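Asks: Can you read through this structure? Questions will come right after.
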């Protein structure tokens with residue numbers, strides 16, 4: 001009769017090696033995700049601050065330009081000058097809104113993490129088949 005040994009067989013060792021490797025891959029992907037999350041947060045904060053600065057200074061410039069044009073061209077009819085400027089500002093706002101919606105539609109969060117996870121899935125499927 002054969003005696004049972006306490007040492008794990010090759011299947012158990014292979015399973016442990018696979019589990020360790022899987023945990024290492026998972027840890028690496030989590031670290032990548034955290035780095036990308038930090039980058040996204042910083043980029044979003046920078047975009048908000050810059051956007052607020054642009055909006056504030058643009059509003060001030062628009063008000064100043066409007067006042068100057070009404071004073072310069074308003075001798076005949078200030079209402080016509082104000083209506084023309086309103087139309088110009090409105091059209092510009094529509095163009096900027098359309099550009100913003102295009103930007104938001106193409107926005108992709110965590111592209112490197114998702115790409116790496118797709119590669120991992122493909123590699124895992126290839127090795128299991």
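The values are calculated or read from the model by the stated rules, or taken from the named source; none is laboratory data. These numbers were taken from a predicted model, which means no experiment stands behind them. Quick reminder, even Gly has a Cβ in these numbers, built from the backbone with ideal geometry, and neighbours come from all protein chains shown.
Asks: Which condition number does residue 69 fail, the rest of (1) more than 33 Å from the chain's Cα centre (by Cα); (2) at positive phi being met?
Replies: Tallying (1) more than 33 Å from the chain's Cα centre (by Cα); (2) at positive phi, residue 69 fails exactly one: (2).
Asks: Just need a number here: residues in segment 98-110 that are at pLDDT below 80 and surrounded by 10 or more Cβ atoms within 10 Å (Cβ to Cβ). Outline the logic, then answer.
Replies: Residues of segment 98-110 that are at pLDDT below 80, as a first pass: 104, 106-110.
Next, from what is left, pick out any that are surrounded by 10 or more Cβ atoms within 10 Å (Cβ to Cβ): 110.
Total meeting the criteria: 1.
Asks: Looking at (1) without any contact (Cβ under 8 Å) to a residue 60 or more places away in the chain; (2) under 23 Å from the mean Cα position of the chain (by Cα), which is the only condition residue 88 fails?
Replies: Of everything listed in (1) without any contact (Cβ under 8 Å) to a residue 60 or more places away in the chain; (2) under 23 Å from the mean Cα position of the chain (by Cα), residue 88 misses just condition (2).
Asks: If you don't mind, another one. Any chance segment 42-50 includes a residue that's under 30 Å from residue 123 (Cβ atoms) and in a helix (DSSP H, G or I)? Give the derivation first.
Replies: Initially, segment 42-50 is screened for residues under 30 Å from residue 123 (Cβ atoms), giving 43.
Next, only the ones that are in a helix (DSSP H, G or I) stay: 43.
Within segment 42-50, one or more residues are under 30 Å from residue 123 (Cβ atoms) and in a helix (DSSP H, G or I).
Asks: Sticking with this one: Restricting the search to segment 57-78, which residues are loosely packed, with under 10 Cβ neighbours inside 10 Å and at pLDDT 85 or above?
Replies: Of all residues in segment 57-78, those loosely packed, with under 10 Cβ neighbours inside 10 Å come to 72, 75-76.
Once the filter is applied, which keeps residues that are loosely packed, with under 10 Cβ neighbours inside 10 Å and at pLDDT 85 or above, segment 57-78 yields only 72.
Listed here are the residues, each with its yes/no results for (1) touching a helix residue (DSSP H, G or I) at 6+ places or on another chain (Cβ under 8 Å); (2) part of a helix (DSSP H, G or I); (3) over 30 Å from residue 67 (Cα atoms).
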{"residue": "87", "(1), (2), (3)": "no, yes, no"}
{"residue": "95", "(1), (2), (3)": "no, yes, no"}
{"residue": "101", "(1), (2), (3)": "no, yes, yes"}
{"residue": "113", "(1), (2), (3)": "yes, yes, yes"}
{"residue": "120", "(1), (2), (3)": "yes, yes, yes"}
{"residue": "126", "(1), (2), (3)": "no, yes, yes"}
